[in-house]
Amino acid sequence: MRLSSLYRFPMKSAIGEPLLRAELDGLGLVGDRRWMLVDAENGRFLTQRAFSRMSQLSARWNPAGGLTLASQGLPTLDVPLPEPDANLRGVFVWGSSMVVPDAGDEAAEWLSGFLGKACRLVHVPDHRARDIPGSLLPEEKVGFADGFPLLLIGQASLDDLSRRVGRSLEMLRFRPNLVVEGSEPYAEDGWQRIRIGGIEFSVAKGCSRCILTTIDPATGERSADREPLTTLKTYREREGEVYFGQNLINRSGGVLEVGMEVEVLE
């Protein structure tokens, strides 16, 4: 088995970046889901679930830690990394509350115009990351990802789902960080620990899926037939949740490169 694709999502729910090489830190891939849009009034996080237009928002991370915003018909905007302990704003990600720096009025105006809703852009410095839900280990932290630092999907699992749906599905509908080639369909369901390029990962739990998977990442349009969620419900549902892919926690920093061997340890 090998690592066939790497993706980083600098802003939660915006367009992903395909990578050939990526560094890992204590929150997963460096630069992944460290930025987020929130409702300007109540600080609640905003995603494609309610605003499918975010699928057309490019938010590229740069080595200085800042962000470059772009979308068709709009001028690009470079957003500098905000000071980690200034201009703090209370925000909410699912059941977690956080206090993180706001990226300023210029970014907020650009994004509010793009989205058609008053919003603010926020960033999470390492020391303001939140605890992984359910974790008893204080060192296990996550940024703005839904619950865990990383998401892995087997290419064979997507191929099987595409066959069941009757059309080819884009991997980016599922927004994984790591794609593994050479395993059997859904083999990742049974993994507990894996190693890639000398870095060990714990497989935390399956990833429950939502309506976001029905949005075409190229156009932002929702599938009229609610696929692939409709098909997933026929064979991947348990206790009212539909699962596809596995959440991971990296146990050290290091570097990942496409093509690296993937070894199942447990």
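Selection of the stretch 235-247 for residues being open to solvent by 40 Å² or more (accessible area, probe 1.4 Å) and either closer than 13 Å to C210 by Cα or free of Cβ contacts under 8 Å to residues at least 60 places away in the same chain (or both) yields E237, R238, E239, G240, E241.
Here is the figure for the stretch 131-159: residues that are modelled with pLDDT of 95 or more and either open to solvent by less than 20 Å² (accessible area, probe 1.4 Å) or of a type in the set (V, I, T) (or both) total 12. Of the strands (runs of 3 or more DSSP E) lying entirely inside the stretch 166-266, those containing at least 1 residues that are more than 18 Å from D32 (Cβ to Cβ) span 178-181, 193-196, 199-208, 241-250, 262-264. Only one of the numbered conditions (1) open to solvent by 30 Å² or more (accessible area, probe 1.4 Å); (2) assigned to a loop (DSSP other than H, G, I, E, B); (3) over 19 Å from I211 (Cα atoms) is violated by I15, and that is (3). Inspect all residues belonging to the stretch 60-72 and state whether any of them is closer than 22 Å to P18 by Cβ, aromatic (F, W, Y) and open to solvent by 60 Å² or more (accessible area, probe 1.4 Å). Yes, there is a match, as at least one residue in the stretch 60-72 is closer than 22 Å to P18 by Cβ, aromatic (F, W, Y) and open to solvent by 60 Å² or more (accessible area, probe 1.4 Å).
If we only count strands (runs of 3 or more DSSP E) wholly inside the stretch 89-156, which ones have 1 or more residues that are in contact with a Gly (Cβ under 6 Å, 6 or more places away or on another chain)?
Values: elements: 96-101, 119-123, 150-154.
Where strands (runs of 3 or more DSSP E) fall fully within the stretch 89-156 and carry at least 1 residues being in contact with a Gly (Cβ under 6 Å, 6 or more places away or on another chain), they are 96-101, 150-154.
Of R33, R8, R2, R53, all but one fail to be in contact (Cβ under 8 Å) with a residue 40 or more places away in the chain, within 19 Å of P176 (Cβ to Cβ) and surrounded by fewer than 16 Cβ atoms within 10 Å (Cβ to Cβ); the exception is R2.
The values are calculated or read from the model by the stated rules, or taken from the named source; none is laboratory data. Please read these numbers as outputs of a predicted model, since none were measured by experiment. Positions of Cβ are backbone-derived with ideal geometry, glycine not excepted, and every protein chain shown enters the neighbour counts. Note: areas computed on protein heavy atoms with side chains; ligands, DNA, RNA excluded. Shrake-Rupley method; radii C 1.70, N 1.55, O 1.52, S 1.80 Å.
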